[in-house]
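Chemist: Quick one: the structure is below, questions incoming.
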Amino acid sequence: MLLLTCMILGSCTSKHEVKTDFRPYADTCESCYDRLSHPIIPMSNKKECSDSIMARIKYIDSVRTATKRQWVETAQTSLELAKKEENLTQMFLFEEHLYIANKYRTFADRQLCDSIRLHYSKEMVQTAMQIEDADTIGIAITHYMDAMKHLGRETDMEAILKKVRSVESFVHNPDKYAKILCVIARKYSAIGDNDNAKKYLSKALYLSIKGNAETTEVTGRRAAQQLLDKGEIKEAVQTYYSVLLMRDSVVKEKDEAMAKQKEADEVFLHNIGLWTLLLLTIVCGITAFYYFQRRRKAESHSFKSEITALQETIAKHEETLQKLEKSEVKNKEEISAQKKTIEKLKNTIMERLKTGKAIYETLQKGEPFPNEIKGGEEYLIDYYVIFMPKKYERWKRVYEGLTPRMYTYLILQDMGYSETDIQRILGISPSGLRSLRSRTMGKRRSN
């Protein structure tokens, strides 16, 4: 907006004299402000008639009025947007723009402009309280003091400072409150009110004594106190204000260093977390791999009834046979071959069942297990698959990955034999029996 003002005025080509007094948020082009309030009218002839002078003044005033109107409209629109976005810093900035715009209105509406200035200065104080920044509050208070002075009123400074003291961030930080007092003292000193300047500077110096100040700050504070004792109020205020600015610079550097260290620590912790997560993922992956590998291994070593496999094979051949018989082009040779295969498989089942029955009857008599029959335990289990399917299916549900020897142990238990009898029938030692019992029980499913 200031750039727009300068463009309309047209002749602000030199470097702007930047107003930096308590204004960290926005720079003010003082040369443009001066041109708005004090237009320079070039006079080629001192005896120029009054009508020409008045015409020239009227023209310049119209340019100035248009410039200010655009400035105010833009600032008001921006302020509303900042309020919607709840951006306190931007709200403060545009409240200050509107305050300054009304400062440079024409003389004709001076009384109205001063009232509007007072309104926006109050708004600035309220916004600054929410920002909780000492510099911002200092700016707002000095603007409020100016507005009250133009209206011929005394500033109720104690009421304002009471609100400042209630700000939570200042309750436990006297240094921030001391800086606001120093800003107020500096303002009083600038307008020639040395009594109030001395009053508020003394309060600021007293507050800063309570804090744990650095050596440089202590030296500066002593220098300011000495100047104050000599009656050099303005120099004392400026000296201590410079000390506070230097302290803020040091604090800012420390805060930035701490912020960088905190960021580095967060990155370090983040990386540690990632590496920990990666390590846990790898460990879980390896554990899962070995778990499933052991499970597959156990399943591959677990017993599967030969008769069950033969029955599955017979079912496939019978299905093929049905398709061949239903086919329009019947291949008698292939049909005959399928029938022979099926018959052969059924005979194999009958032979296994015959052997299994013989072993079962031997065990029923309490005789030792016929180890001379190769795969005898498997024949015995096949017998149970066909003639005692419920017991066999129950064992499959309760246990997982049983070996033929483990099934034999369960069959002997089912026959009602004691541990001593089982040891004798299987021909194993007591320790061997304990190991067999333990391994069998270890195969029980968890659910």
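Chemist: From the list Ile160, Ile100, Ile139, pick out the single residue that is among the β-branched types (Val, Ile, Thr) and without any contact (Cβ under 8 Å) to a residue 60 or more places away in the chain.
Modeler: Just a single option satisfies the conditions, and that option is Ile160.
Chemist: Residues of the range 219-235 being part of a helix (DSSP H, G or I) and open to solvent by 80 Å² or more (accessible area, probe 1.4 Å), which ones?
Modeler: Within the range 219-235, Thr219, Arg222, Gln226, Asp229, Lys234, Glu235 qualify.
Chemist: So, one more: Which pairs have Cβ atoms under 6 Å, sit 6 or more apart or on different chains, and link a residue in the range 346-369 that is open to solvent by less than 80 Å² (accessible area, probe 1.4 Å) to one that is of a type in the set (D, E, K, R)?
Modeler: Arg352/Asp382; Gly356/Asp382
Chemist: Farther than 30 Å from Tyr392 by Cβ, part of a helix (DSSP H, G or I) and modelled with pLDDT of 85 or more, is that true of Leu280?
Modeler: Yes: the conditions hold for Leu280.
Chemist: Something else: Return the residues of the range 112-136 that are under 22 Å from Tyr177 (Cα atoms) and free of Cβ contacts under 8 Å to residues at least 12 places away in the same chain; say none if nothing qualifies.
Modeler: Gln126, Asp133
Chemist: Among the residues of the range 80-89, is any closer than 23 Å to Leu228 by Cβ and assigned to a helix (DSSP H, G or I)?
Modeler: No: zero hits.
Chemist: Out of curiosity, is Ala315 part of a helix (DSSP H, G or I), small (Gly, Ala, Ser) and under 17 Å from Leu426 (Cα atoms)?
Modeler: When the stated conditions are applied, Ala315 does not pass them.
Chemist: Could you check how many residues of the range 381-409 are over 18 Å from Lys357 (Cβ atoms) and either over 60 Å from the mean Cα position of the chain (by Cα) or open to solvent by less than 50 Å² (accessible area, probe 1.4 Å) (or both)?
Modeler: 8
Chemist: What do you reckon, is Gln111 open to solvent by 30 Å² or more (accessible area, probe 1.4 Å), modelled with pLDDT of 75 or more and out of contact with any strand residue (DSSP E or B) (no Cβ under 9 Å at 6 or more places or on another chain)?
Modeler: It is false that Gln111 is open to solvent by 30 Å² or more (accessible area, probe 1.4 Å), modelled with pLDDT of 75 or more and out of contact with any strand residue (DSSP E or B) (no Cβ under 9 Å at 6 or more places or on another chain).
Chemist: State which residue pairs qualify: first residue modelled with pLDDT of 80 or more and inside the range 239-260, second residue among the β-branched types (Val, Ile, Thr) in any location, beta carbons under 9 Å apart, and separation of 6 or more residues or different chains.
Modeler: The qualifying pairs are Tyr241/Val183; Val243/Thr216; Val243/Thr219; Leu244/Val183; Met246/Thr216.
Chemist: Here is a further query. Restricting to the range 321-333, give me the number of residues that are in a helix (DSSP H, G or I) and either out of contact with any helix residue (DSSP H, G or I) (no Cβ under 6 Å at 6 or more places or on another chain) or open to solvent by 100 Å² or more (accessible area, probe 1.4 Å) (or both).
Modeler: Going through the range 321-333 one residue at a time, the tally reaches 6.
Chemist: Under 7 Å by Cβ, and 6 or more places apart or on different chains, what pairs join a residue from the range 176-194 that is more than 20 Å from Asp248 (Cα to Cα) with one that is open to solvent by 10 Å² or more (accessible area, probe 1.4 Å) and in a helix (DSSP H, G or I)?
Modeler: As it stands, the answer is Tyr188/Asn196; Ser189/Ile233; Ser189/Lys234; Asn194/Ile233, since those pairs meet every condition given.
Chemist: Any idea how many residues of the range 374-386 are more than 11 Å from Pro404 (Cβ to Cβ) and either touching a Phe, Trp or Tyr at 6+ places or on another chain (Cβ under 7 Å) or among the polar types (S, T, N, Q) (or both)?
Modeler: Looking only at that region, the number is 3.
Chemist: Quick one: which helices (runs of 4 or more DSSP H) sit completely within the range 148-200 and have at least 3 residues that are among the basic types (Lys, Arg)?
Modeler: 157-165, 174-190
Chemist: Suppose the filter is in a helix (DSSP H, G or I), over 27 Å from Ser431 (Cβ atoms) and not acidic (Asp, Glu); does Leu353 pass it?
Modeler: Against the criterion (in a helix (DSSP H, G or I), over 27 Å from Ser431 (Cβ atoms) and not acidic (Asp, Glu)), Leu353 qualifies.
The values are calculated or read from the model by the stated rules, or taken from the named source; none is laboratory data. Computed from a predicted structure; not experimentally measured. A quick note on method: Cβ atoms are made from the backbone with ideal geometry, for glycine too, and the neighbour counts reach across all protein chains shown. Quick note on the areas: whole protein, heavy atoms, side chains included, nothing else; ligands and nucleic acids left out. Shrake-Rupley method; radii C 1.70, N 1.55, O 1.52, S 1.80 Å.
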